[in-house]
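Student: Let me begin by handing over the structure; questions about it come next.
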Amino acid sequence: MKPYALYLLDAWGNRTELYRDPDISCFLPLPLRPRRKPMDIAAVRPESTADDTKQMASVLIQDVYQGMTGIERGRVKYVRVMGALEWPWDEVGISWSLGVYDPHRKRVYGIVKVHEDGSAYFTVPAGENLFFQALDENFMALQEMASFINMMPKEQRACIGCHENRSKTPGRSSIRPMAMDYPVQVLMPQPGDAGPRMVDFTTDVQPILDKHCVSCHDGRDPDNGLNLVNIPNGKYSRSYDSLVGSGFICYRGGGKAGIESVPPLTHGSRASKLPAMLLKGHHTAKLSREEMVKLVTWIDANVPYYGTYRGNRNIEDKDHPNYRALPVALK
């Protein structure tokens, strides 16, 4: 192939060669000219360090009830801070993200109390993909964010409420949010948690099923409907597919972009039949408070199966020592 060169062309098709390099082909040239070096601008924040991801930021919710229609005041008791792990595209099984279920791996960072006026002021980890959920007294989500935010170390951010219009600004008011009269809250673990953790079906939900449900729902009696035995089944497990596909859980379809905010109680644990049935009483199944929190948190995390991207997930690798690796609290 004949190498390219630089030519000057006129309107009549005449051309004059300006430059040719015998060693390289001159393609897509960029014109350059000398200019003065721009002045240095001081940084608006401290230089990043290796410990930035361990630093915290702070959030003020002015009134969680703003934008949350149909939820009476006093019903929201807590805000749960959750996160979605970034997708490592080089991991095995990432193509499963286009399935029916939510592909994101979720992390629970903790909860904070909501004051009587609906305000909350608390710290959150910096450098993470965060979203918030408004919880009732049973730690069940009434509403959640449809997207997530990222915050820099020591950043301070405020919002008006829960899914208020993004173009809305705070109204003029002489009322100071109650949360501002108290020190900033530090995230505390939910009942049964010791600190931040990943949400994982095998470690969170399956032990509850084994203890309370499998004795009746073992797949041998077709009248019982559900088969909650922990047997690998395709990408997930027989118990997971049976439970999520039963209609007892109301979740958002995953694997797609453009998720829009919806009214409260559209999906999640409060819109699902399973938690309501267990709270009312279902035969001999009597879950402890910690078990119930684990179950509803999994539902409110949008029913993830895996709590990590690590490990071999294909069923043909079931004899591999790293098959479907269990999650760790921190990535």
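Student: How many residues, within the stretch 303-331, are of a type outside the set (Gly, Ala, Ser), part of a loop (DSSP other than H, G, I, E, B) and more than 22 Å from Gly195 (Cβ to Cβ)?
Tutor: Looking only at the stretch 303-331, we keep the residues that are of a type outside the set (Gly, Ala, Ser), and these are 303-306, 308-310, 312-324, 326-328, 330-331.
Those still in the list that are part of a loop (DSSP other than H, G, I, E, B) too: 303-306, 308-310, 313-314, 318-322, 324, 326-328, 330-331.
Those still in the list that are more than 22 Å from Gly195 (Cβ to Cβ) too: 303, 305, 313-314, 318-322, 324.
Qualifying residue count, the stretch 303-331: 10.
Student: Within the stretch 202-227, how many residues turn out to be of a type outside the set (S, T, N, Q) and touching a Cys at 6+ places or on another chain (Cβ under 8 Å)?
Tutor: Residues in the stretch 202-227 being of a type outside the set (S, T, N, Q) and touching a Cys at 6+ places or on another chain (Cβ under 8 Å): 1 in total.
Student: When Ser246 is evaluated against the numbered criteria (1) more than 26 Å from Arg313 (Cα to Cα); (2) touching a Leu at 6+ places or on another chain (Cβ under 7 Å), which criterion, by number, is the only one it fails?
Tutor: For Ser246, the exception is condition (1).
Student: Go through the stretch 213-241 and report how many residues are surrounded by fewer than 16 Cβ atoms within 10 Å (Cβ to Cβ), among the small types (Gly, Ala, Ser) and modelled with pLDDT under 90.
Tutor: 2
Residue-wise test of (1) touching a strand residue (DSSP E or B) at 6+ places or on another chain (Cβ under 8 Å); (2) modelled with pLDDT of 90 or more; (3) of a type outside the set (Phe, Trp, Tyr).
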position	(1), (2), (3)
Trp12	no, yes, no
Arg15	yes, yes, yes
Pro31	no, no, yes
Pro34	no, yes, yes
Asp40	no, no, yes
Ala43	no, no, yes
Thr53	yes, no, yes
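Student: Does Val199 satisfy the criteria of being within 24 Å of Asn302 (Cα to Cα), buried (at least 18 other Cβ atoms within 10 Å of the Cβ) and touching a Leu at 6+ places or on another chain (Cβ under 7 Å)? Don't jump to the end; show me each part of the working.
Tutor: Values: within 24 Å of Asn302 (Cα to Cα): yes; buried (at least 18 other Cβ atoms within 10 Å of the Cβ): yes; touching a Leu at 6+ places or on another chain (Cβ under 7 Å): no.
It is false that Val199 is within 24 Å of Asn302 (Cα to Cα), buried (at least 18 other Cβ atoms within 10 Å of the Cβ) and touching a Leu at 6+ places or on another chain (Cβ under 7 Å).
Student: Another question, if that's okay. Of the conditions (1) part of a helix (DSSP H, G or I); (2) loosely packed, with under 13 Cβ neighbours inside 10 Å, Gly247 satisfies every one except a single condition; which number is it?
Tutor: Of everything listed in (1) part of a helix (DSSP H, G or I); (2) loosely packed, with under 13 Cβ neighbours inside 10 Å, Gly247 misses just condition (1).
Student: On to the next question. Could you tell me which of the residues Ser239, Ser215 is of a type outside the set (A, V, I, L, M, F, W, C) and either touching a helix residue (DSSP H, G or I) at 6+ places or on another chain (Cβ under 8 Å) or not in a loop (DSSP other than H, G, I, E, B) (or both)? Steps first, please.
Tutor: On the way: Ser215 fails: either touching a helix residue (DSSP H, G or I) at 6+ places or on another chain (Cβ under 8 Å) or not in a loop (DSSP other than H, G, I, E, B) (or both).
From the options Ser239, Ser215, the qualifying one is Ser239.
Student: Restricting attention to the stretch 242-255, does a residue exist that is at pLDDT below 95, under 28 Å from Gln143 (Cα atoms) and in contact with an Asp or Glu (Cβ under 6 Å, 6 or more places away or on another chain)?
Tutor: yes
Student: Is one or more of the residues making up the stretch 284-294 under 19 Å from Leu142 (Cα atoms), assigned to a loop (DSSP other than H, G, I, E, B) and in the same structural domain as Lys106 (by TED's automatic domain parsing)?
Tutor: Checking the stretch 284-294: not a single residue is under 19 Å from Leu142 (Cα atoms), assigned to a loop (DSSP other than H, G, I, E, B) and in the same structural domain as Lys106 (by TED's automatic domain parsing).
Student: Sort through Thr297, Thr266 and tell me the only one that's more than 19 Å from Val199 (Cα to Cα) and either of a type in the set (Val, Ile, Thr) or surrounded by 16 or more Cβ atoms within 10 Å (Cβ to Cβ) (or both).
Tutor: Details: Thr297 fails: more than 19 Å from Val199 (Cα to Cα).
None of the other options fit; the residue is Thr266.
The values are calculated or read from the model by the stated rules, or taken from the named source; none is laboratory data. On a predicted model such as this, the values are computed, not experimentally measured, just so you know. For neighbour counting, all protein chains shown are included, and Cβ atoms are generated from backbone atoms with ideal geometry for every residue, glycine included.
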